[in-house]
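**Q** Pasting a structure below so you can have a look.
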Amino acid sequence: MPALLCAPFRIARPQAVEAARLIVALVALAFVALPAKAAVDIQKVESESGVTAWLVEDYSVPLISVRFAFEGGSIQEPAGQEGLARLMSGLFDEGAGGLDRAAFQEQLDQSGAEMSFDSGADAFYGSMRMLAEEREAAFSLLALAVNAPRFDPEPLARISSQLANRIAARENDPDTKASIAWASAIYGDHPYARRQEGTPETLAAITADDLRAFHRRLFARGNLVVGVVGAIDAETLKTELDKVFGSLPAEPDLQPVEVVEPKVDQKILLEFDLPQASLRLAYPGMRRDDPRFFAAYLMNHILGGGTFSSRLFEEVREKRGLAYGVGSTIVNRDYSSALMIGTSTRADRAQETLSVIRDVVKTMAEEGPSEQELADAKNYVLGAYAINNLDTSSAIARTLVDLQIEELGMDYIERREELIGAVTLDEVREAARLLLSGEPAVMIVGPADEAGKEG
Amino acid sequence: MIFADRSARLPVLRIVLALVFCVGAVPAALAETTAQDEESRVTRHVLDNGLEIIVIPDHRAPVVTHMLWYKTGSADETPGKSGIAHFFEHLMFKGTTNHGPGEFSRRVAEIGGQENAFTSYDYTAYFQQVTPEALETMMAFEADRMRNLVLSDEVIGPERDVIIEERNSRVENEPGALLGEEVDATLYQNHPYGIPVIGWMHEIEELNRADAIAFYERYYAPNNAVLVVAGDVTAEQVRTLAEATYGKVARGPDLPPRIRPKEPEQNTSRTVTLTDARVTRPSFRKAWVVPSYSTAEPGEAEALDLLSEILGGGVRSRAYETLVVEKGIASSVGAYFQSDALDDTSFEIYGAPRGDATLAEVEAAMDAEISRIVDDGVTEKELAMAKKRYVRSMIFARDSQQGMARIYGATLATGGTIEDIEEWPRRIEAVTAEQVKSAARRYLSPDRSVTGYLLPATEERS
């Protein structure tokens, strides 16, 4: 009579590429199509202090999910303070206002709410999930965390050393080394090449004053977006929004960031004596606000995007059994975009795998997809949105925030079906030619004899 | 095509699991009785051919999760054929006599659906997430591949290469995963839980078409499966569609009871050490064989659940408070109870040092935390808070259709019932501090444990 499931499932889609960076980007990029029928009734709520939120009311489960983002993530860190945003994200439930760590966590536990913060390259995120009947207590704790984090010495030292330990523990890990080498090869001196997790040295140097200064710069009403889903009405939400965000400064203090084109046409070789070699390729991407974005997105879907039937999946895995996973994604950041391909394959067939990938890309660049492939891709991206993005209230809250960050508008859900439907085969072929014709950046990580060969 | 394995016991995952998966239904005290609740009642129905059907209505979005669970996993494999259950899971995505290779996946993709599958020690499951209109098509395809799979050497060869690469990615490339395999292989002296779900490399390499066909014919039949449908549907609709699709599949021969080799009495403490150049920071894990919900006496598995929560279930646990916050000697610590196994299962603790502290100090401090519970028990407040966290996690679980389908599927596929899930909160509530203490005393003895050390190539264990 097993009454509950505690199996440690590792839910990884086989086509997911190995680079964590790519996986994150894939997730961030997933909001690309929503069938009109995926009825999400969004209300725009504006509080007295001018904080706005998108709200989806739903009373079928007695929960409220809150998600918010402040524009400006780790790229806003001062040079030499890498890891600042990540460290800050670990300290919001470690004491705030008049409550030290123990008191804060005790109250959080009592209120039955879960609070989490995380930092991205371009934004700083917070989430809270609470039982509707504990709403007031939960929002009060969130208000304390957002406005008055304490950054006390013990939690600061502890979280900092936990982060440093995690970094040190991966120091000899080939994948980690590969990610670092890849980022600096692709982004050069740009902040995107910096390690978001920082280094043990940068983390050790960060003080509570650094954290307070960074908090003051980032946390403002002017760069804030909020999404709320669940058992709460607009009027009640207004009160809670003022409680949590009403006292923040009107505008943040963000430094301008340069746009960076990923550096293509280069080869990076990293030698490791392992049974598997991993491959990464980078091509130019397509900006999210480019009118040709959907053509590029559909093209990428056919090439190696999210399904078991992409061209790369078919050629690399299904026909030849060369890899467990292979995929491509358009990585869109605020100041850069790229199309990236990744896989891990048996070392003695790394060159063969690379050449299969290059062939698939070449054919796509020269001929584009077929009419049928495009029709299938459109069906997929139209249908997949609700399933990928709207299946839990936390997922819906996340989507509400992402839509606001991308400035896509509340009517985007209806518009997107039209936008996707309107993409022509010629436009997709043009996107393929534009993105895939040039020489990519290629990185091979693996045994010396394989990594060193000309590919 | 994923699988669940035990090597994934990372602290962060432990926390996520505690909040998302280790849950049952909402306790009666918290659920208001309304017409809506009546509609969302979980129901069970059995087709004439033996297929068990569980329906979990959830009408918030036009999405349905269709999950078919087979009551077979890696622990059911024939000796020498490790990995066949997982390999076979991959082969289920090949063609049938009615549909060419990849056609099912293409159909799912065409409508924007999601699909995947996973294998564990005791079960194998396949699922799709689609709009309700597509449910019948999914059922038709799934029923078709229950019987009509085409297993040619042309599909077997490349797919075996794929799972070899999968093993490389998940295990050979990860020192922590390699150590986990060795700890399990040492912990279980007789039971197949000591064999990795994905299989040993040398046995995977030898798997062939005859093995696949034998596995298919033995285990893939409606009377060895549980269908779980969660989402925007009614029990009535699911029953009608299932009868029209799965209902046409003939019942297979009755399988004998799943009686696996039993563990002998364990009375040694063993250690396993892996040194690897890729490891820069040492860590340890310690495991014991303990009863699961299937094999425990009443209340015992519930007590082990609460013990794992109080001892090492996140930032409010004793291990975190003492070793990480107060003493500052550990960067990570935790405890984990694999509760849902069909047979006796494992309870684990783990830890890694911080700063100048040594691995031995962290291990000794963890042992001291266990001794403290064995000798002095847990406080009423700790117990109450741990129970409250469990109950809360069950309400949060209702938010995830797929999570709910997994809870019911895993329970039913390992011999449990809907009632077990619904009564679970009350059974958790009933656990006393004395029961938690005696579970620790009875099972977490240093004299019959396995400790695994993961060390840098140059590290001396002090």
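**Q** Averaged over its residues, how many other protein chain Cβ atoms are within 10 Å of peptide B:321-331's Cβ atoms? Let's see the in-between values first.
**A** Working: counts 2, 0, 0, 4, 7, 1, 0, 4, 0, 3, 9.
Counting other chains' Cβ atoms within 10 Å and averaging over B:321-331 gives 3.
**Q** For labels at B:Glu265 and A:Glu407 in the simple 7 Å Cα→Cβ model, what's the distance in nm?
**A** Reported label-point gap for B:Glu265 and A:Glu407 is 7.5 nm.
**Q** So, in Å, what gap is there between the alpha-carbon centers of region A:407-432 and region A:77-92?
**A** Spelled out, the Cα-based centre of one part sits 37 Å from the other.
**Q** Next question. If one takes the longest principal axis of the Cα atoms in chain B, at what angle in degrees, from 0 to 90 and to the nearest 10, does the Cα axis of helix B:209-219 lie?
**A** On a 0 to 90 degree scale, this one is about 90.
**Q** For chain A, what is the per residue volume of the convex hull drawn over the alpha-carbon atoms, in cubic angstrom?
**A** Numbers: hull volume 74.7 nm³, N = 455.
Residue-normalised Cα hull volume stands at 164 Å³.
**Q** Given R₀ = 30 Å, what would the calculated FRET efficiency be for A:Ala448 paired with A:Glu314, taking r from the Cβ atoms and rounding to 0.05?
**A** On the way: r = 31 Å, r/R0 = 1.03.
Step by step, r from the Cβ atoms, then E = 0.45.
**Q** Hey, what's the Cα Rg ratio for region B:37-248 versus the globular rule of thumb, 2.2 N^0.38 Å?
**A** Working: Rg = 18.1 Å, N = 212, 2.2 N^0.38 = 16.8 Å.
Working it through for region B:37-248, the quotient is 1.08.
**Q** Computed on alpha carbon atoms, what radius of gyration and Dmax characterise region A:13-245, expressed in Å?
**A** When restricted to the Cα atoms of region A:13-245, Rg and Dmax are 19.0, 53 Å.
**Q** Could you give each residue of region B:368-384 its phi-based ³J(HN,Hα) in whole Hz, using Karplus coefficients 6.51, -1.76, 1.60 with θ = phi - 60°, and x for Gly or Pro?
**A** Going residue by residue, I get 5, 5, 5, 4, 4, 6, 4, 7, 10, x, 10, 7, 4, 5, 4, 5, 4 Hz, with x marking Gly and Pro.
**Q** Would you kindly state how much longer the chain becomes between B:Thr234 and B:Glu326 on full extension, computed as 0.36 nm times their sequence separation minus their alpha carbon distance, in nm to one decimal? Provide the component values of the computation, followed by the final result.
**A** On the way: separation 92, 0.36 × 92 = 33.12 nm, distance 5.24 nm.
This chain segment gains 27.9 nm when fully extended.
**Q** Then there is this: Assuming 1.306 mPa s and 10 °C, estimate D for region A:297-455 with Stokes-Einstein, Rh taken as the Kirkwood radius over Cα pairs, in µm²/s. Write down the numbers at each step before the final one.
**A** On the way: Rh = 17.4 Å.
Approximately 91 µm²/s, per Stokes-Einstein.
**Q** Here's another thing I want to ask about it. DSSP loop GluC sites (Glu not before Pro) in region B:391-462 with at most 14 other Cβ atoms within 10 Å of their Cβ, which ones? Intermediate values should be presented prior to the final figure.
**A** Values: sites: B:Glu419, B:Glu422, B:Glu423, B:Glu429, B:Glu434, B:Glu459, B:Glu460; in loops: B:Glu459, B:Glu460.
Within region B:391-462, the qualifying GluC sites (Glu not before Pro) (loop, at most 14 other Cβ atoms within 10 Å) are B:Glu460.
**Q** Please work out the ratio of the alpha-carbon Rg of region B:220-293 to 2.2 N^0.38 Å and round it to two decimals. Let's see the in-between values first.
**A** Details: Rg = 23.2 Å, N = 74, 2.2 N^0.38 = 11.3 Å.
Cα-based Rg divided by the globular estimate yields 2.06.
**Q** P(r) tail for region B:276-417, what percent of Cα pairs lie past 26 Å?
**A** Values: 3248 of 10011 pairs.
Summing the P(r) tail past 26 Å for region B:276-417 gives 32 percent.
**Q** When you look at the Cβ of every residue in A:162-175, what mean number of other chain Cβ atoms sits within 10 Å?
**A** On the way: counts 7, 1, 3, 10, 4, 2, 3, 12, 4, 5, 9, 6, 2, 3.
Taking all residues of A:162-175 together, the mean is 5.
**Q** Right, another one. Do any GluC sites (Glu not before Pro) in region B:218-327 lie in a DSSP loop with no more than 11 other beta carbon atoms within 10 Å, and if so, which?
**A** B:Glu265
**Q** List B:Thr131, A:Thr424 from most exposed to least, where exposure is judged by having the fewest other Cβ atoms within 10 Å.
**A** Working: B:Thr131 21, A:Thr424 10.
The most exposed by this proxy come first: A:Thr424, B:Thr131.
**Q** Please list, or write none, the lysines whose alpha carbon is within less than 30 Å of the alpha carbon of B:Lys327, excluding same-chain residues fewer than 8 places away.
**A** Once the sequence-local lysines are set aside, what remains near B:Lys327 is B:Lys286, B:Lys381, B:Lys387, B:Lys388, B:Lys437.
**Q** Using a basic spin-label model with each label point 7 Å from the Cα along Cα→Cβ, how many nm lie between A:Arg415 and B:Glu182?
**A** Simple spin-label model gives 5.8 nm for this pair.
**Q** Here is a follow-up. Which is farthest toward the positive dipole end of the protein assembly as shown among A:Ser60, B:Phe87, A:Gly327, measuring Cα position about the Cα centre, with Cβ charges +1 (Lys, Arg) and -1 (Asp, Glu)?
**A** Selected residue: B:Phe87.
**Q** If you average the alpha carbon positions of region B:268-320 and of region B:195-266, how far apart do those two centres end up, in angstrom?
**A** Their Cα centres are 29 Å away from one another.
**Q** Using just the helices of the protein assembly as shown, give the 222 nm mean residue ellipticity in deg cm²/dmol: DSSP H runs with n ≥ 4 each add -39,500 (n - 2.57), and the total is spread over all residues, rounded to 500.
**A** Numbers: 32 runs with 369 residues, N = 917.
Taking each H run of at least 4 residues, the total per residue is -12500 deg cm²/dmol.
**Q** Over region A:13-245, what is the relative contact order in percent, taking alpha-carbon pairs closer than 8 angstrom and at least six residues apart? Could the numbers behind the result be given before it?
**A** Details: 363 pairs, mean separation 78.3, N = 233.
In percent, rounded to a whole number, it is 34.
**Q** Within region B:325-347, which residues have the backbone N less than 16 Å from the label spot 7 Å out from B:Asp376 along Cα→beta-carbon, could you tell me?
**A** Of the residues in region B:325-347, B:326-327 have backbone N under 16 Å from the label point off B:Asp376.
**Q** For helix A:135-147, report the angle its Cα long axis makes with the longest principal axis of the Cα atoms of chain A; keep it between 0 and 90° and round to the nearest 10°.
**A** It is inclined by approximately 70 degrees.
**Q** Still on this structure: How would you rank B:Ser346, A:Ser393, going from fewest to most other Cβ atoms within 10 Å of each one's own Cβ?
**A** Values: B:Ser346 21, A:Ser393 26.
In increasing order of surrounding Cβ atoms, one gets B:Ser346, A:Ser393.
**Q** Residues in region B:54-95, backbone N under 12 Å from the label point at B:Trp200 (7 Å along the Cα-to-beta-carbon vector): list them, ranges by number please.
**A** Once the point is set 7 Å along Cα→Cβ of B:Trp200, B:79-83 turn out to lie under 12 Å by backbone N, inside region B:54-95.
**Q** Then there's this: With only alpha-carbon atoms counted, please give the Rg and Dmax of region B:178-307, in Å.
**A** 21.1, 58
**Q** Right, another one. Taking every pair of distinct Cα atoms and averaging 1/r, then inverting, what Kirkwood hydrodynamic radius in Å comes out for chain B?
**A** Working: mean 1/r = 0.0430 Å⁻¹.
Kirkwood radius, chain B: 23.3 Å.
**Q** Additional query: I need the GluC sites (Glu not before Pro) found in region A:366-429, filtered to DSSP loop residues with at most 13 other beta carbons within 10 Å of theirs. Before the final figure, lay out the partial values.
**A** Working: sites: A:Glu366, A:Glu367, A:Glu371, A:Glu373, A:Glu406, A:Glu407, A:Glu414, A:Glu417, A:Glu418, A:Glu427; in loops: A:Glu406, A:Glu407.
Here the GluC sites (Glu not before Pro) that fit, given the DSSP loop and packing criteria, are A:Glu407.
**Q** Let me ask something else. Is the C-alpha gyration tensor of the protein assembly as shown telling us rounded, prolate or oblate? Criteria: a/c under 1.5 is rounded; beyond that, a/b larger than b/c is prolate, otherwise oblate.
**A** Values: a/c = 1.17, a/b = 1.01, b/c = 1.15.
Verdict is rounded for the protein assembly as shown.
**Q** In nanometres, what is the gap between the two model label sites at B:Asp153 and B:Asn98, each 7 Å from Cα along Cα-to-Cβ?
**A** Label at B:Asp153, label at B:Asn98, 3.0 nm between them.
**Q** Return the aspartates and glutamates within reach of A:Lys44: Cα separation strictly under 13 angstrom, same-chain partners fewer than 8 residues apart disregarded; answer none if there are no such residues.
**A** Filter leaves A:Glu57, A:Asp233, A:Glu235, A:Asp411.
**Q** What whole number of Å gives the distance from the Cα centroid of region B:138-168 to the Cα centroid of region B:107-123?
**A** 13 Å
**Q** Oh, and also: Arrange B:Lys262, B:Lys327 by Cβ neighbour counts within 10 Å, fewest through most, would you? Present the calculation step by step, with values, prior to reporting the outcome.
**A** Numbers: B:Lys262 10, B:Lys327 14.
Starting with the residue having the fewest Cβ neighbours, the order is B:Lys262, B:Lys327.
Only the coordinates and a few stated rules stand behind these numbers; no lab work does. No experiment lies behind these values; they were computed from the predicted model shown. Counting neighbours? That spans all protein chains shown, and the Cβs are built from the backbone with ideal geometry, glycine included.
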